[in-house]
1. Has the range 223-236 got any residue that is in contact with an Asp or Glu (Cβ under 7 Å, 6 or more places away or on another chain), among the charged types (D, E, K, R), within 16 Å of the ligand (Cβ to nearest atom) and more than 22 Å from Val74 (Cβ to Cβ)?
2. So for the range 202-225 (the condition being in contact with a Pro (Cβ under 7 Å, 6 or more places away or on another chain) and assigned to a helix (DSSP H, G or I)), does at least one residue qualify?
3. In the range 202-217, how many residues are under 25 Å from Cys51 (Cα atoms) and surrounded by 21 or more Cβ atoms within 10 Å (Cβ to Cβ)?
4. Condition first: within 9 Å of the ligand (Cβ to nearest atom), in contact (Cβ under 8 Å) with a residue 24 or more places away in the chain and not in a loop (DSSP other than H, G, I, E, B). Now tell me which residues in the range 125-150 satisfy that.
5. Check Thr167 against each of (1) over 16 Å from the mean Cα position of the chain (by Cα); (2) under 25 Å from Ala37 (Cβ atoms); (3) of a type outside the set (A, V, I, L, M) and name the one condition it does not meet.
6. Output the helices (runs of 4 or more DSSP H) that fall wholly within the range 41-90 and possess 1 or more residues being modelled with pLDDT of 95 or more, or say none.
7. How about the range 179-201: which of its residues are crowded, with 19+ Cβ neighbours inside 10 Å, among the charged types (D, E, K, R) and part of a loop (DSSP other than H, G, I, E, B)?
8. If I ask for residues that are open to solvent by 60 Å² or more (accessible area, probe 1.4 Å) and in contact with a Pro (Cβ under 8 Å, 6 or more places away or on another chain), which ones from the range 112-147 would you list?
Amino acid sequence: MTTRRCFLRLASLSTLGAAAGTIMGCATAGTGGRRLAMAIDPGKCLQKDGCRACIDACHRAHNVPPIPDREHEVKWIWKERAEDAFASEDGGEGMAPLGGRPVLVLCNHCENPPCVRVCPTRATWKREDGVVMMDEHRCIGCRYCMAACPYGSRSFNWVDPRPHVTTLDPGYPTRTKGVVEKCTFCDERLARGEQPLCVEACPERAIVFGDLRDPASPIRQLTGSRYTMRRKPELGTRPQVYYLI
Ligand code: SF4
């Protein structure tokens, strides 16, 4: 009950644009029964051309190295042309409002994640609340998960990332050459009862996060009342990142 109240409160604060900092007493008390998900409103996100507030905040906080070489780049959240992100929509009704502009993409924390199925060392797994986790210490660098992910949501460290991290955050671990990494919905922040950092960093409040199974949560209400799209729904991975059209 405590957890449900906390998430309600956090999600409401996010919607109102006030979800900043730790909410005391909202530490995660258990994960059973919740289905954590994210909703992105591209209409709001696209209001400011070239905005990278959420991307920069995420990558800085997680020591994601800004490697310019496309072959070696590492990314947890980024923007992709709408036509590429929603290739299977093929000009469907949801595409018109996006107007061919770049949309925010990240790991979809799929309900049926192919990356988890193929990992031979269980370095990636799905929590009961739906968050798809990644433990780089158990990763042997086989990259099966990258081949299985239909969204390109995982990055491989082809080179030692540490020399490329310009502003090191000592509070978050760095990775090594030869391992895969990706977004974990800021599991470290969820454990403290906080929202994912991208939610807080967005100046347009275009990202909402919460428990889809809670009928009173803003994410449930938004996804229930607006037309939504998910990426490549035909594959049956059941992404838990929803786009509000
Ligand atoms: Fe796995 Fe890719 Fe789905 Fe993320 S988007 S859960 S990496 S299959």
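1. No, that holds for no residue.
2. First, the residues of the range 202-225 that are in contact with a Pro (Cβ under 7 Å, 6 or more places away or on another chain): 208-210.
Remaining after also requiring assigned to a helix (DSSP H, G or I): none.
Checking the range 202-225: not a single residue is in contact with a Pro (Cβ under 7 Å, 6 or more places away or on another chain) and assigned to a helix (DSSP H, G or I).
3. Taking the range 202-217 first, the residues under 25 Å from Cys51 (Cα atoms) are 202-210.
So of that shortlist, the ones also surrounded by 21 or more Cβ atoms within 10 Å (Cβ to Cβ) come out as 202, 206-210.
Result for the range 202-217: 6.
4. Our first condition is that a residue be within 9 Å of the ligand (Cβ to nearest atom); within the range 125-150, this holds for 126, 132, 134, 145-146, 148-150.
In the following step, the residues that additionally are in contact (Cβ under 8 Å) with a residue 24 or more places away in the chain were identified as 132, 134, 145-146, 148-150.
Those that are within 9 Å of the ligand (Cβ to nearest atom), in contact (Cβ under 8 Å) with a residue 24 or more places away in the chain and not in a loop (DSSP other than H, G, I, E, B): Val132, Met134, Cys145, Met146, Ala148.
5. Condition not satisfied by Thr167: (2).
6. Details: elements: 42-45, 53-61, 82-85.
Ranges flagged: 53-61.
7. Matches in the range 179-201: Lys182, Glu194.
8. Lys126, Ile140, Tyr144
The values are calculated or read from the model by the stated rules, or taken from the named source; none is laboratory data. The structure displayed is predicted, hence computed values, not measured ones. Cβ: placed from backbone, ideal geometry, glycine included. Neighbour counts: every protein chain shown. These area figures cover heavy atoms from the full protein model, side chains too; ligands, DNA and RNA do not enter into them. Shrake-Rupley method; radii C 1.70, N 1.55, O 1.52, S 1.80 Å.
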